[in-house]
Amino acid sequence: MKLARFAVGLAAGLALTVSAAWAETTTLRITLQLPLKSHLGENLSLFKQKVEEISKGEIAVEIYDSAQLYKDNEVPQAVGSGSIEMGVASLTRYVGDVPAVDVFYMPFLLNSEELVRKAVAPGSPVRGPLDDAILETGARVVWWQAYGGSVLLSNGGPIKTPADVVGKKVRVFGKTLGEWIKAAGGAPTLVSGSEQYIAYQRGTVDVGMTGVSGVKSRRLWEVMDTITVTNNADIEFIVVVNEQFWQGLSDQKRAWITEAAVFAENDVRDRMTGIETAAYEAARENGMTVYELSDAEVAAWMEAAQPVYDQFLADSGDLGAKVLAAARALGN
């Protein structure tokens, strides 16, 4: 009888221990518009592996890719309101609340890896004020995900100069990018990343704008045949967490998440050049032509872009002027 009572007591104790462990588990749901096989999806998987490992299971991560839960433009509101704990959004999706975020999309401003790395460094005079401003929307920036330089997609030939977009509908993914196309004489059309393929396939737009890694992950060579390497903008995604949820976590759990986030951010930044190189190779292997702009063609684009800078300063106020000046100073 004593042995039986001991066995029952031991089982009950184990059950309570397991129950307590489960009760302490924090689940992070993360929404992503891209496929899990994309480099942003792989980066989230790396974060998931790291944070679950260092927390020994006290933090669990669930990734909902390919816009299963929210489209890119819905992420800021979904995370800010607490409808989901975390999400990945293109930086420009915060332009409505923080117009200054589009400093990264100012034509040809941050067009080298060296300049980009300086601008996106945590606490830099460019990134720091933007992270602080985004926090006021109810979402905290956990880490930035590199997506590379912007390219233009087309059929039948490259987009060499502004004259090549006159009268054409061009897919854009941000207000300032739209202003750039408008200044060149084109008709900007906002299309979510997850809807690009269909937009090109159906001819909803004539020209596409995206990061070259997206060409590979979305197999856009099936609907477009030419890439023009413009590098007119630096495309950044950010991983955000609901601030109220964040403040409700223990210091230890916040420390684990931060450690895993730093690991993931450094990994994707360091791999970006290789990711882009592989994407260009895949595009060529699948029949796409890759065209590099000449210096004269870049100059023509830059000349047409001045109104974009004027409009940015008018729209983004003191914060915009501050981060633009900081970005320009990076090259000095």
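The values are calculated or read from the model by the stated rules, or taken from the named source; none is laboratory data. Here the structure is a predicted model, which is why all the values come from computation and not from measurement. Reconstructed Cβ throughout: ideal geometry from the backbone, glycine too, with neighbour counts over all protein chains shown. Ligands, DNA and RNA are stripped out before the accessible areas are found, and what is left, the full protein with its side chains, is counted by its heavy atoms. Shrake-Rupley method; radii C 1.70, N 1.55, O 1.52, S 1.80 Å.
When N is the residue count of segment 238-279, what does its C-alpha Rg come to as a fraction of 2.2 N^0.38 Å?
Values: Rg = 14.1 Å, N = 42, 2.2 N^0.38 = 9.1 Å.
Expressed relative to 2.2 N^0.38 Å, the Cα Rg reads 1.55.
Heavy atoms only, probe 1.4 angstrom, no DNA, RNA or ligands counted: give me 56, 182 ranked by accessible area, highest first. Could the numbers behind the result be given before it?
Values: 56 175, 182 115 Å².
If we order 56, 182 from most to least accessible, we get 56, 182.
Taking all protein chains as present, what is the carbon and sulfur share of the accessible area of the chain, in % to the nearest whole number, probe 1.4 Å? Walk me through the numbers before you get to the answer.
On the way: 7620 of 14490 Å².
So the carbon and sulfur contribution to the accessible surface is 53 percent.
Take the alpha carbon atoms of segment 118-159, find their center, do the same for segment 80-108, and report the distance between the two centers in whole angstrom.
8 Å
Which lysines have a Cα lying under 29 Å from the Cα of residue 71, excluding residues fewer than 8 positions away in the same chain?
Reachable lysines: 37, 48, 50, 168, 169, 175, 182, 216, 253.
For the chain, what is the convex hull volume of its Cα atoms per residue in Å³? Before the final figure, lay out each step's value.
Working: hull volume 48.0 nm³, N = 332.
Taking only Cα atoms, the chain has a hull volume of 144 Å³ per residue.
For segment 178-230, calculate the relative contact order in percent as a whole number, restricting contacts to Cα pairs under 8 Å that are 6 or more residues apart. Walk me through the numbers on the way to the answer.
Values: 22 pairs, mean separation 12.4, N = 53.
Answer for segment 178-230 is 23 percent.
Can you work out the base-10 log of I(q)/I(0) for segment 47-96 at q = 0.18, 0.22, 0.25 1/Å, using the Debye formula on its C-alpha atoms alone?
Computed log10 I(q)/I(0) values: -0.65, -0.83, -0.93.
Using 1/(1 + (r/R0)^6) with R0 = 22 angstrom and r between the beta carbons of residue 29 and residue 195, what's the FRET efficiency to the nearest 0.05? List each step's numbers first, then the result.
Values: r = 23 Å, r/R0 = 1.03.
In this case the efficiency is close to 0.45.
Roughly what percent of Cα-Cα pairs across segment 213-332 reach past 21 Å? Intermediate results must be reported in sequence, preceding the final value.
Numbers: 4572 of 7140 pairs.
For segment 213-332, the share of Cα pairs beyond 21 Å comes to 64 percent.
With θ taken as phi - 60° and the coefficients 6.51, -1.76 and 1.60, list the Karplus ³J(HN,Hα) couplings across segment 102-109 in order, rounded to whole Hz; mark glycine and proline as x.
Per residue, the Karplus-derived 3J(HN,Hα) values read 6, 4, 6, 10, 5, x, 6, 6 Hz.
Looking at segment 113-256 only, what percent of DSSP beta bridges run antiparallel? Nearest 5 please.
Numbers: 17 of 22 bridges.
That works out to approximately 75 percent antiparallel.
Please calculate how many Å² of accessible area the chain carries per residue, with a 1.4 Å probe and no DNA, RNA or ligand atoms counted.
Details: 14490 Å² over 332 residues.
That works out to 44 Å² for each residue.
Based on a Kirkwood Rh over C-alpha pairs, give the Stokes-Einstein translational diffusion coefficient of segment 45-165 at 37 °C and viscosity 0.692 mPa s in µm²/s. Write down the numbers at each step before the final one.
Details: Rh = 16.9 Å.
Rounded to a whole number, D works out at 195 µm²/s.
Between residue 247 and residue 332, what's the calculated FRET efficiency when r is the beta-carbon distance and R0 is 35 Å? Round to 0.05.
Details: r = 39 Å, r/R0 = 1.11.
Efficiency, rounded to the nearest 0.05: 0.35.
Kindly write out, for segment 240-252 in residue order, the coupling ³J(HN,Hα) from the Karplus curve 6.51 cos²θ - 1.76 cosθ + 1.60 (θ = phi - 60°), rounded to whole Hz, with x marking Gly and Pro.
After applying 6.51 cos²θ - 1.76 cosθ + 1.60, I find 10, 10, 4, 5, 5, 4, 4, 5, x, 7, 6, 4, 5 Hz.
Taking every pair of alpha-carbon atoms in segment 98-194, what share in percent sits in each 10 Å bin, from 0 to the bin with the longest distance?
14, 39, 32, 14, 1
Given a Förster radius of 35 Å and the C-beta distance between residue 270 and residue 66 as r, what FRET efficiency does 1/(1 + (r/R0)^6) yield to the nearest 0.05? Please list the in-between numbers first.
Details: r = 26 Å, r/R0 = 0.73.
The calculated FRET efficiency here is 0.85.
Placing one identical point scatterer on every Cα of segment 152-258 and ignoring solvent, what is log10 I(q)/I(0) from the Debye formula at q = 0.12, 0.13 Å⁻¹?
-0.49, -0.54
Under 19 Å from a point 7 Å along the Cα-to-Cβ line of residue 321: which residues of segment 132-174 have their amide N that close?
133
Suppose we keep just the DSSP beta bridges with both residues in the chain; what percent of those would be antiparallel, to 5?
On the way: 22 of 39 bridges.
About 55 percent, rounded to the nearest 5.
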